[in-house]
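The values are calculated or read from the model by the stated rules, or taken from the named source; none is laboratory data. What you see is a predicted model; the values in this text were computed from it and never measured. A quick note on method: Cβ atoms are made from the backbone with ideal geometry, for glycine too, and the neighbour counts reach across all protein chains shown. These accessible areas exclude ligands, DNA and RNA; they are computed on the full protein's heavy atoms, side chains included. Shrake-Rupley method; radii C 1.70, N 1.55, O 1.52, S 1.80 Å.
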Amino acid sequence: MSAPALDHRTDRKADRRVDHKVARAIQRVTSTTFGRYQSAVIRIGFSATYLFFLLRELPHRHEMYGPDAPWGWDMAQQLIAGNQSFTALMWSDSTAWFEIVYAIALISAALLMVGWHTRAMSVLFMAGVLSLQNRSIFMGDGGDNVIHLMAIYLMLTRCGRVWSLDARRAARQASAAADDPRSRARTNVAGAVLWVVLGLVLIAASVTDGLGGTWWLPALLWILWIGEGAWWAVNRYAPDSESRTLLDVVANLAHNATLVVIMAEVCLIYATAGWYKIQGSRWQDGTALYYPLKLDYFTPWPGLSDILASNSVMVMLLTYGTVIVQVAFPFTLFNRRVKNVLLVAMMCEHAGIALLLGLPFFSMAMIAADSVFLPTVFLVWLGSRVTLTRKLLFQRRAEAEVPGQRRGDEDEEAPRHSGDGGHTLVG
């Protein structure tokens with residue numbers, strides 16, 4: 001065989017190998033939900049952060065976002081007319097409506113944390129976050145900005161596949177189907193009611209232009225609402241059809257793409273913060289941490305802050321270490337070990353910020369965002385430890401209740417003795 005023919009056959013084999021790898025990669029991306037545990041941690045972390053924030057500010061809610069806020073309803077209406085943002089609090093200026101929106105935000109955060117009808121709760125959680133934050137935009141900080149973004153991203157993720165009530169319900173349905181293949185899943189009444197109610201609200205908000213002046217938010221909400229209806233209908237009447245496979249592929253693609261966006265967002269936050277710190281003179285001379293430790297507003301533990309501020313070497317090391325970790329982290333994603341070390345360092349840094357500077361919700365939001373990079377092996381191990389601890393607690397409680405129950409049974413069966421001294425067996 002001539003040399004050109006051999007080269008041609010070699011090129012065709014190489015092309016087939018490349019096509020096979022590409023097809024396998026596409027098949028994996030469309031058929032697999034990546035980062036199930038990481039997305040569950042993000043769901044739990046951000047919903048818990050906002051839930052605790054709303055609970056802490058419950059006595060001050062009117063002054064922050066309600067009718068008694070310094071940023072009045074008329075001023076908020078003028079600002080929103082200019083930036084075209086969404087907030088349900090602009091639908092009415094009554095106190096009763098504000099209380100309803102605040103209660104929906106609080107309840108949706110709690111239900112999203114436990115994973116009850118995750119997709120619907122993620123939409124309500126997003127609406128609650130955007131409604132409160134866009135009502136008084138000057139009340140937020142960096143942590144609120146991260147929650148603002150993640151609330152939108154969570155709607156597109158399949159964050160309830162593990163560690164949720166939805167996952168437990170799906171496992172029970174799968175177990176029932178395995179026991180009786182002819183059985184059909186029961187209609188989820190709560191899910192159907194949520195879908196109908198949210199659809200009516202969406203129609204009313206679209207008709208009255210209550211979704212803001214942007215095009216993407218109404219389009220996204222309508223796609224999610226129609227998609228959830230189609231998902232229920234296909235799973236109910238054609239669970240083994242090609243339509244079910246197509247919807248699953250679309251959901252996996254949206255989830256995986258959103259997870260990549262979340263990772264890029266976290267890297268952008270740290271890279272931007274690190275490079276801006278380098279340009280600051282206080283970060284260059286190593287004293288940036290010293291001045292916040294001397295401000296009364298940022299010193300919940302004055303004695304601890306004074307001890308740290310008096311150690312100039314420690315202040316300098318923490319200042320430079322913060323800059324180094326934030327700048328270097330995006331470049332360490334290709335090295336798993338180095339990435340994990342810096343990830344632990346950043347989480348410890350945020351825990352220190354919560355303790356020393358009195359910013360717990362900012363730290364909780366950033367730790368929840370960092371969780372997207374946690375190793376799956378560690379999360380699986382952590383989940384197994386939590387499950388084992390829960391089982392041990394329930395087992396000890398059951399063992400504590402059993403002796404009393406046995407004593408009661410013995411007292412009831414004591415008179416039932418046969419004449420020859422043996423016990424009568426009572427069924």
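Summary of values
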quantity: Filter result (over 17 Å from the mean Cα position of the chain (by Cα) and surrounded by fewer than 15 Cβ atoms within 10 Å (Cβ to Cβ)) within the stretch 359-379; calculated: Val377, Phe378
quantity: Residue count, the stretch 202-223 (criterion: among the aliphatic types (A, V, I, L, M), assigned to a helix (DSSP H, G or I) and surrounded by 15 or more Cβ atoms within 10 Å (Cβ to Cβ)); calculated: 5
quantity: Qualifying residues in the stretch 171-189 (those that are of a type in the set (A, V, I, L, M) and modelled with pLDDT under 90) - the one farthest from Thr118 (Cα to Cα); calculated: Ala178
quantity: Val315 farther than 28 Å from His148 by Cβ, open to solvent by 30 Å² or more (accessible area, probe 1.4 Å) and aliphatic (A, V, I, L, M); calculated: no
quantity: Options Phe98, Phe46; residue that is modelled with pLDDT of 95 or more, open to solvent by less than 30 Å² (accessible area, probe 1.4 Å) and more than 21 Å from the chain's Cα centre (by Cα); calculated: Phe98
quantity: Conditions (1) within 26 Å of the chain's Cα centre (by Cα); (2) surrounded by 12 or more Cβ atoms within 10 Å (Cβ to Cβ); number of the one not met by His62; calculated: (1)
quantity: Residue check, Leu79 among the aliphatic types (A, V, I, L, M), within 24 Å of Pro218 (Cβ to Cβ) and open to solvent by less than 50 Å² (accessible area, probe 1.4 Å); calculated: no
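Conditions (1) assigned to a helix (DSSP H, G or I); (2) free of Cβ contacts under 8 Å to residues at least 60 places away in the same chain; (3) loosely packed, with under 13 Cβ neighbours inside 10 Å, marked per residue:
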position: Ala170; (1), (2), (3): yes, yes, no
position: Gly191; (1), (2), (3): yes, no, no
position: Val197; (1), (2), (3): yes, yes, yes
position: Gly227; (1), (2), (3): yes, yes, no
